[in-house]
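For reference, the structure discussed in these notes is given below.
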Amino acid sequence: MLGQSITRNSILLALFAVVTTLLIAGTYLQTRDRIALEERKAEEKALLQIVPRERHDNSMLDDTVAVGAGTPGLGLDQDKRVYVARQGPTAVAVIIPVTAPDGYSGAIDMIVGVNADGTIAGVRALRHKETPGLGDKVDLNKSDWILGFNGRSLTNPALTGWTVKKDKGEFDQFTGATITPRAVVAATARALQYAQTEHDTLFAPLSQDTVAGEP
C-alpha cells in the first residue's frame, strides 16, 4: 500500500509539473509578441527624442549598421547597432551607442546622435548607477545639463576643449561631482570621432532600387 501511495503521489506531482510548465509556456507565447512590441516602442521613443519624426521618413529601428563589441572608442561590451535616420535615400543623422566606463559608480550607457555635418543632434544617458542628487544629473529627467551637447562638434570646441571646465575644457561639471560629467563628455567626444572616421559607411546613401522597395 505504501508503495502504491508513493507511486500515485509521484504521478500526481509529475502531472502537476507538466501542467504548470504548459501554462507558463502558453502565457509566455501569448505575451511574447506584446512584450517585444512594447520594447520596440520604448526604444523608438528614445531615438525620437534625438531625431524627431519631422526630420526623417524611415524607420530607424529597421535601418541600422552593426557595431561590434570592442569597437575602438565606443567602449561597448556587446554587439549593438547604429541607427540611421533618412530623408529618402539620404542619411541625415545617425544615433551611436557608446559606453563611458569611467563613471563615478560604474559604466554609463549612452546614445549620441550625430548629424551628417558632424554636429550633435542630441545625447541621452540610457543606464547608469550614479549618485542621486549628484551624478544622476546626466539623466534628462533630473537636469537639462545633457542638452548642452546639442549643436557641438569636433570643431566646436576643438578636441582639447572636450572636457569639463575644471580640466580647462568647455563643459560645466556638477556641483560636488566632476567624475560623472567628465566621463560623459569624453564618451561623447569619442562617439563624434567614431562618426567622423566611419562617416562614409554610416552615412552611405541607399540605392534607388532599395528606396523603391525593389530587391
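What to note about this one:
- Matching option when the condition is at pLDDT 95 or above, within 16 Å of the chain's Cα centre (by Cα) and of a type outside the set (A, V, I, L, M, F, W, C), among GLY118, GLY113: GLY113
- When segment 157-193 is filtered for residues that are of a type in the set (A, V, I, L, M, F, W, C) and assigned to a helix (DSSP H, G or I), the ones remaining, listed by number, are LEU159, ILE179, ALA183, VAL184, VAL185, ALA186, ALA187, ALA189, ALA191, LEU192.
- Filter result (at pLDDT below 95, under 22 Å from GLY122 (Cβ atoms) and over 13 Å from the mean Cα position of the chain (by Cα)) within segment 29-51: LYS41
- Residue list for segment 161-180, filter: in contact (Cβ under 8 Å) with a residue 40 or more places away in the chain and surrounded by 15 or more Cβ atoms within 10 Å (Cβ to Cβ): PHE174, ALA177, ILE179, THR180
- Scan of segment 73-90 for residues that are closer than 21 Å to ALA116 by Cα, assigned to a loop (DSSP other than H, G, I, E, B) and either more than 13 Å from the chain's Cα centre (by Cα) or not aliphatic (A, V, I, L, M) (or both), ordered by number: GLY73, GLY88, PRO89
- Residue in segment 114-121 that is on the phi > 0 side of the Ramachandran plot, open to solvent by less than 60 Å² (accessible area, probe 1.4 Å) and touching a helix residue (DSSP H, G or I) at 6+ places or on another chain (Cβ under 6 Å) present: no
- Pair list, Cβ under 7 Å, 6 or more apart: segment 140-153 residue open to solvent by 70 Å² or more (accessible area, probe 1.4 Å), other residue part of a helix (DSSP H, G or I): LYS142/ASP136
- On the stretch given as segment 200-215, residues that are hydrophobic (A, V, I, L, M, F, W, C), open to solvent by 20 Å² or more (accessible area, probe 1.4 Å) and either at pLDDT below 60 or under 20 Å from MET110 (Cα atoms) (or both) total 2.
- Check on THR197, open to solvent by 10 Å² or more (accessible area, probe 1.4 Å), polar (S, T, N, Q) and over 23 Å from the mean Cα position of the chain (by Cα): no
- Checking each residue in segment 69-95 for being open to solvent by less than 30 Å² (accessible area, probe 1.4 Å) and either of a type in the set (D, E, K, R) or free of Cβ contacts under 8 Å to residues at least 40 places away in the same chain (or both) picks out LEU76, TYR83, ALA85, ARG86.
The rows are residues; the columns are (1) of a type in the set (Asp, Glu); (2) touching a Phe, Trp or Tyr at 6+ places or on another chain (Cβ under 8 Å); (3) open to solvent by less than 20 Å² (accessible area, probe 1.4 Å).
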{"site": "SER105", "(1), (2), (3)": "no, no, no"}
{"site": "THR131", "(1), (2), (3)": "no, yes, no"}
{"site": "VAL138", "(1), (2), (3)": "no, yes, yes"}
{"site": "LEU159", "(1), (2), (3)": "no, no, no"}
{"site": "ARG182", "(1), (2), (3)": "no, no, no"}
{"site": "ARG190", "(1), (2), (3)": "no, no, no"}
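- Any chance ILE108 is closer than 24 Å to PRO181 by Cα, part of a strand (DSSP E or B) and in contact with a Gly (Cβ under 7 Å, 6 or more places away or on another chain): no
The values are calculated or read from the model by the stated rules, or taken from the named source; none is laboratory data. Not measured: the values here are computed from a predicted model. A quick note on method: Cβ atoms are made from the backbone with ideal geometry, for glycine too, and the neighbour counts reach across all protein chains shown. In case anyone asks, the SASA skips ligands and DNA or RNA and just uses the protein heavy atoms, side chains included. Shrake-Rupley method; radii C 1.70, N 1.55, O 1.52, S 1.80 Å.
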